[in-house]
1. Would you please name the residue that is most open to solvent (accessible area, probe 1.4 Å), looking only at residues in segment 174-187 that are at negative phi and either away from the ligand (no atom under 16 Å from the Cβ) or more than 12 Å from the chain's Cα centre (by Cα) (or both)?
2. Filter segment 212-244 down to residues that are of a type in the set (D, E, K, R) and near the ligand (Cβ under 9 Å from one of its atoms) and give me whichever is most open to solvent (accessible area, probe 1.4 Å).
3. Within segment 162-203, can you find the residues that are within 21 Å of THR48 (Cα to Cα) and acidic (Asp, Glu)?
4. Pick from VAL39, VAL86, VAL77: which is within 18 Å of the chain's Cα centre (by Cα) and away from the ligand (no atom under 16 Å from the Cβ)?
5. Mind telling me which of the residues THR204, THR130 ends up being open to solvent by less than 20 Å² (accessible area, probe 1.4 Å) and within 14 Å of the ligand (Cβ to nearest atom)?
6. Being among the charged types (D, E, K, R) and out of contact with any Leu (no Cβ under 9 Å at 6 or more places or on another chain) is the filter; apply it to segment 160-173 and report the residue that is nearest to the ligand (Cβ to nearest atom).
7. Would you confirm, using the coordinates I've provided, whether LYS113 is in contact with a helix residue (DSSP H, G or I) (Cβ under 8 Å, 6 or more places away or on another chain), open to solvent by 20 Å² or more (accessible area, probe 1.4 Å), farther than 19 Å from TRP169 by Cβ and among the charged types (D, E, K, R)?
Amino acid sequence: MCILITGGAGFIGSHTCVELLNEGFDIVVIDNFSNSSPVALERVKELTNQDFQIYDVNLLDKEKLDHVFKENKIEAVIHFAGLKAVGESVEIPLHYYQNNVTGTLVLCEVMKKHGVKKLVFSSSATVYGTQAKVPLTEDSPLGAINPYGRSKWMVEEILRDLYISDNSWSIALLRYFNPIGAHGSGRIGEDPKDVPNNLMPYITQVAARKREKLRVFGNDYPTPDGTGVRDYIHVVDLAKGHVKALGKILTSTGAEAYNLGTGVGNSVLELVKAFEETTGVTIPYEILGRRPGDIATCYASPAKAKKDLGWEATKDLKDMCKDAWKWQSTNPNGYE
Ligand code: UD1
């Protein structure tokens, strides 16, 4: 059975390709490599000892996308491709809406044309309103606060409308919490192009002495140690969640959201401590003011994914730190 993976060269995409291949699925990958490297896919092939077709295609290019569907007997799509930097989305919102929203519209039009109506979409916990109570459940109130988050929210709504218009679609909206870590082999991992926005890649770059110290954004939140609390999830657990979601949509119809998180919240300083204890590397840090747009606490109730998908995260913070450090220390310049 052949699954199309959009954005398969990215951090979560590449790890999901490995899990799908290991589970016996055939895959076809499209990526425009705007924020990823083809080397990631070479490594996926090396890790799984399997080959697959790769297309350098932008989702906005409907003709080329159509061609991919003509050349392959695709049964379902896992749609990762999209832009994801919150700050950048505020600077260039049209570019974000064009890529994330229009890109998905084009994809769905081409899928529809070819009678492919099974889709797993990369959404985000960022779609939850900042006032929502933790743990977040799938019916917590929504309310994104920046163009990136709104693009994810809009796509969720569009996909629900699509299902309402035609009940033969089957769509899983996967709301990721904070994916970190890397494949246990150290061969694939997160490879931010510039200064990392996210916490873990920043920590690993400080550990590698590529950056002087971590900047902790705020220690006056209403949390146990004052720093922000998030639900960090190992990227391999997250990737396995996609395989489970795929299994679900292949055998049912609907448009359902699922939280993919661990259900456990950890603070910035807890993550720093776990990293230091696991790797033996000290992380110097300084406390700065709050980062605009951040909230105090965010973690999932993963109960629905457990019940409906038969999935739950199995790796802990130590696994996440160990694997993130293995990736960083054995690939000091990422895929370059
Ligand atoms: C961020 C995005 C979110 C996106 C997710 C993708 C924002 C406001 N949110 O989530 O929309 O879906 O990434 O992975 O950008 N921190 C530091 N120092 C750093 C970096 C982060 O102290 O250098 C803190 C943050 O204040 C936060 C925690 O670490 O408390 C996690 O931050 P981050 O990894 O950026 O994730 P989110 O902000 O949760």
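The values are calculated or read from the model by the stated rules, or taken from the named source; none is laboratory data. The structure displayed is predicted, hence computed values, not measured ones. Because the Cβ atoms are built from the backbone with ideal geometry, glycine has one as well, and the counts that use them run over all protein chains shown. Ligands, DNA and RNA are stripped out before the accessible areas are found, and what is left, the full protein with its side chains, is counted by its heavy atoms. Shrake-Rupley method; radii C 1.70, N 1.55, O 1.52, S 1.80 Å.
1. Within segment 174-187, the match that is most open to solvent (accessible area, probe 1.4 Å) is ARG187.
2. Residue satisfying both the conditions and the ranking: ARG215.
3. GLU190, ASP191, listed by residue number.
4. VAL77
5. Exactly one of THR204, THR130 is open to solvent by less than 20 Å² (accessible area, probe 1.4 Å) and within 14 Å of the ligand (Cβ to nearest atom), namely THR204.
6. ASP161
7. Against the criterion (in contact with a helix residue (DSSP H, G or I) (Cβ under 8 Å, 6 or more places away or on another chain), open to solvent by 20 Å² or more (accessible area, probe 1.4 Å), farther than 19 Å from TRP169 by Cβ and among the charged types (D, E, K, R)), LYS113 does not qualify.
Every residue, every condition in (1) farther than 23 Å from LYS240 by Cβ; (2) of a type in the set (Val, Ile, Thr), yes or no:
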position: ASN100; (1), (2): yes, no
position: HIS114; (1), (2): yes, no
position: VAL120; (1), (2): no, yes
position: GLU138; (1), (2): no, no
position: MET154; (1), (2): yes, no
position: GLU157; (1), (2): yes, no
position: ASP166; (1), (2): yes, no
position: GLU190; (1), (2): no, no
